Amino acid sequence: MDYILHLSILICIYTILAQSLSLVAGYSGQISLAHAGFYGIGAYVTALLTVNFAFPVLLTIPIALLISGIIGYIVSKVAVKTVDDYYIIITLGIQVVIFSIMNNWQEVTRGPMGIPRIPSFSLFGFQFDSKISFLLLSAVFTGLVWFILQNLTKSPFGRVLRGLSEDEVYTKSIGKNVGNYKVISFVISGMLASIAGVLYAHYISYIDPTSFTIDESIFILSIVIIGGMRNLKGIFFAAAFLVLLPEALRFIGMPSSVAANMRQIIYGIALILVIYRMAINKSKTMENANA
């Protein structure tokens, strides 16, 4: 039972990460590879404050949101001046910078040794120190993030983002400041990702830089692509699929070394099929428009 609860908690955490990334990648049409960096910011902020200064966890969340928002704003103000591949390269660069800070600023982050003995999540004196209680907590935060994004994407702001991803020139022509919309979506996305970092740190009770690498950013982006760039429910099922996939391979008796490679192959194939389907649908849409 603990094993199932553990996987369910991870699904919740990756759902938060992928759904928050969909605001940037799906709705505003910007592919970001910095998401694991914001995930790590949330984890390190709450770990440092609770371990070193005995901050209550509930207070570390707004601080993590604030720091992620400030960094996201600075990065996006630079990145928004670029397009396509250059935008991706800038987000990749900030991911590398954040990882390097975590790994090398040993006086603060303890570098590769990580931060141990992170206390369990507590709220008004109640300790979420069992897996079932933490799963309920994670589900509440997942539902809250889904609720925020669902309402945000259906608002006038969300409709502008849709228009921006479909036709940026047209969106500019109707008087919308597309740069501001891109910055705001990136900032909100990074802030929501830090919530997943807070949950992860207090669940695992130990963090180190290896949990927040570029590979993690690519994995999160894979969930978004497989689940559907603008499909919040589909992203949940994609997160469950990719989290449970290596466990399913172990259950059929496949060695861990082989299972790891098979996982990469299977979700690589899934990515190809999804992108192929997207290309076909886009081609049909253009044909209908021309007709």
Rounding to the nearest 10 and keeping the result within 0 to 90°, find how far the Cα-based axis of helix 214-227 lies from the longest principal axis of the chain. 50 degrees
Quote the FRET efficiency, to the nearest 0.05, computed for residue 3 versus residue 54 with a Förster distance R0 of 41 Å and r equal to the Cβ-Cβ distance. 0.80
Share (percent) of C-alpha pair distances in the chain greater than 36 Å works out to 16 percent
Using alpha-carbon coordinates, inclination of helix 2-22 to the longest axis of the chain, degrees: 40 degrees
Cβ-based exposure ranking for 166, 107, in which fewest neighbours within 10 Å come first: 107, 166
Using just the C-alpha positions of the range 9-140 as equal point scatterers, what log10 of I(q)/I(0) does the Debye formula give at each q in 0.09 1/Å? -0.31
For residue 207, other-chain or 5+-apart residues with amide H closer than 5 Å (H placed, Pro excluded) are 115
The range 158-211 versus the range 54-97: alpha-carbon centroid distance in Å: 9 Å
What is the local net charge at residue 209, summed over the other residues whose Cβ is closer than 11 Å to its Cβ (Lys, Arg +1; Asp, Glu -1)? -1
Where does each of 13-25, 115-127, 79-91 land if you order them by average Cβ count within 10 Å, highest first? 13-25, 79-91, 115-127
Run the count for the range 2-214, please: Lys pairs, Cα-Cα under 16 angstrom, 8 or more apart or on different chains. 5
Nearest-ten-degree value, helix 232-251 long axis tilted from longest Cα axis of the chain: 50 degrees
Taking the chain and counting helices only, DSSP H stretches of n ≥ 4 at -39,500 (n - 2.57) each over all residues, the nearest-500 ellipticity at 222 nm comes to -26500 deg cm²/dmol
Quick note, the range 78-132: a/c under 1.5 would make it rounded; otherwise a/b > b/c is prolate and the rest oblate (a ≥ b ≥ c, C-alpha gyration tensor); here it is oblate
Proximal charge balance of residue 41 [Cβ under 15 Å; K/R count +1, D/E count -1]: -2
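Each reported figure results from applying straightforward, stated rules to the coordinates on display, with no laboratory input. Small disclaimer: the values here were computed from a predicted structure and weren't measured. A quick note on method: Cβ atoms are made from the backbone with ideal geometry, for glycine too, and the neighbour counts reach across all protein chains shown.
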